[in-house]
1. When CYS60 is evaluated against the numbered criteria (1) open to solvent by 60 Å² or more (accessible area, probe 1.4 Å); (2) touching a Pro at 6+ places or on another chain (Cβ under 8 Å), which criterion, by number, is the only one it fails?
2. Test ALA93 against the criterion of being assigned to a loop (DSSP other than H, G, I, E, B) and among the small types (Gly, Ala, Ser), and give yes or no.
3. Take the residues in segment 192-226 that are among the small types (Gly, Ala, Ser) and touching a strand residue (DSSP E or B) at 6+ places or on another chain (Cβ under 8 Å), then tell me which one is modelled with the lowest pLDDT.
4. How many residues are more than 14 Å from ARG262 (Cβ to Cβ), free of Cβ contacts under 8 Å to residues at least 40 places away in the same chain and of a type in the set (Val, Ile, Thr) if we restrict to segment 295-323?
5. Looking only at residues that are under 19 Å from THR298 (Cα atoms) and of a type in the set (Ser, Thr, Tyr) in segment 227-263, which one is modelled with the lowest pLDDT?
6. What about LYS116, is it modelled with pLDDT under 85 and open to solvent by 70 Å² or more (accessible area, probe 1.4 Å)?
7. Which residue pairs have Cβ atoms closer than 9 Å, lie 6 or more positions apart in sequence or on different chains, and pair a first residue in segment 17-37 that is touching a residue at least 12 places away in the same chain (Cβ under 8 Å) and under 22 Å from GLU76 (Cβ atoms) with a second residue that is surrounded by 10 or more Cβ atoms within 10 Å (Cβ to Cβ) and of a type in the set (Lys, Arg)?
8. If we keep just the residues of segment 63-73 that are in contact (Cβ under 8 Å) with a residue 40 or more places away in the chain and surrounded by 12 or more Cβ atoms within 10 Å (Cβ to Cβ), which is farthest from THR324 (Cα to Cα)?
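The values are calculated or read from the model by the stated rules, or taken from the named source; none is laboratory data. Fair warning: this is a prediction, and the values are worked out from it, not measured in the lab. Heads up, the Cβs are rebuilt from the backbone with ideal geometry, glycines too, and the neighbour counts pull from every protein chain shown. These accessible areas exclude ligands, DNA and RNA; they are computed on the full protein's heavy atoms, side chains included. Shrake-Rupley method; radii C 1.70, N 1.55, O 1.52, S 1.80 Å.
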Amino acid sequence: ADAHLTPLLVSYVQYLQGDWENHVATCELESMLSRALDPEIRNMFKTIEFASIGHLLDVCHQHRDDLQNIVLPKAEEEDIEKQVSDPKLLKQAMKDVRREKITVNGRSLPPAKTLKELIFVLTEALNSKPLTLSHGKKKRKSKRGKRQAAAAAIFGGADTTTDESAVESAESELSSGTENEMDASASSSGGEAGGRARMARRRSVIDTTTIEYMTRRILVAASRTGSGGDSFFVVRDLFGGEDVEVIPSSQGSGGTIELIVRLASVTIKCHGRYDVYPKPFNDRCEPLIQLHTNTEETVSMHEVRSIDGHKTVLTLQEKMTDTTGNRSLSIRPALYEKVADWRTPS
């Protein structure tokens, strides 16, 4: 044993010590993949031999339910804090996020060079007037008749031709289906109390802690070295192999991080594209196939009353639920047009 086993163990320990960070990362990656992917689906994609791109598309179509509903391991808040607190990871994440296009309810955010700038532009976008619970007066005159009819239906046929406050209250009532109790109290308490409720609703803002959380999620989502690379590793595990290589698509200007803000939730969607090339890699050739991914996470929100000086305001804060931290991944091939195969006699 001393002559044969001891040298092998010493050599193995030296091998582990020499590149231990890479070995740990590999183990963590395998743990994530084994928890996220169905073993049968994973084994099938690893062992199948695709005869053509059409064959690959047919297999993806047959297993579309599995590919479009991959449940990723929960993103632990401690891990997110650790990643965005590491100076090296934070610096790299800010470089990566500049390559992404960030939108809030379809509106593009201006590019941010620092974390402070990113928090500022995100705060401005999330707390801008179109994203608050009350939509206010609409300027388009063509909508006036519909607003008056809606107000009449809610207030029992009251005259709405000159009562603009009733129209505003009706719009707020229709736009906030989750606030029935507040609307009822505002309607029954009279003009002054109803006005205070409407003013409080207009001042509803998203809590700073929630904005900071979403900023961290954006950084992690954009980071190629953080958990934002989960979609890449899953695609590479399923569609990569000894003869092909999966790389992020060079078409366009990076991926897209989309924030959809609703009354009771904020949904974070990270879109990505990956190309599959034959080995050896040659970027002058067309990829064999392109795959689109969408990673989605929903942050539940609820309103909390708070006192700001002498004013009562409504603050939107994150609501902890059983689904907090859940993320889902969807993979689908790009759309391809079937072209007729013209054969001519040689």
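1. Every condition holds for CYS60 apart from (1).
2. Working: assigned to a loop (DSSP other than H, G, I, E, B): no; among the small types (Gly, Ala, Ser): yes.
Taking the combined requirement at face value, the residue does not satisfy it.
3. Looking only at segment 192-226, we keep the residues that are among the small types (Gly, Ala, Ser), and these are 193-195, 197, 200, 204, 221-223, 226.
Next, only the ones that are touching a strand residue (DSSP E or B) at 6+ places or on another chain (Cβ under 8 Å) stay: 200, 204, 221-222.
Details: ALA200: 42, SER204: 62, ALA221: 70, ALA222: 69.
That would be ALA200.
4. Of the residues in that region, 3 qualify.
5. Across segment 227-263, the extreme among qualifying residues is SER227.
6. On the way: modelled with pLDDT under 85: no; open to solvent by 70 Å² or more (accessible area, probe 1.4 Å): yes.
Answer is no for this residue.
7. LEU33/ARG42
8. We begin by selecting, within segment 63-73, every residue in contact (Cβ under 8 Å) with a residue 40 or more places away in the chain; these are 64, 67-73.
Of the ones still in play, those that are also surrounded by 12 or more Cβ atoms within 10 Å (Cβ to Cβ) are 64, 67-68, 70-73.
Numbers: ARG64: 25, LEU67: 22, GLN68: 20, ILE70: 16, VAL71: 13, LEU72: 13, PRO73: 12 Å.
Applying the filter and picking the extreme gives ARG64.
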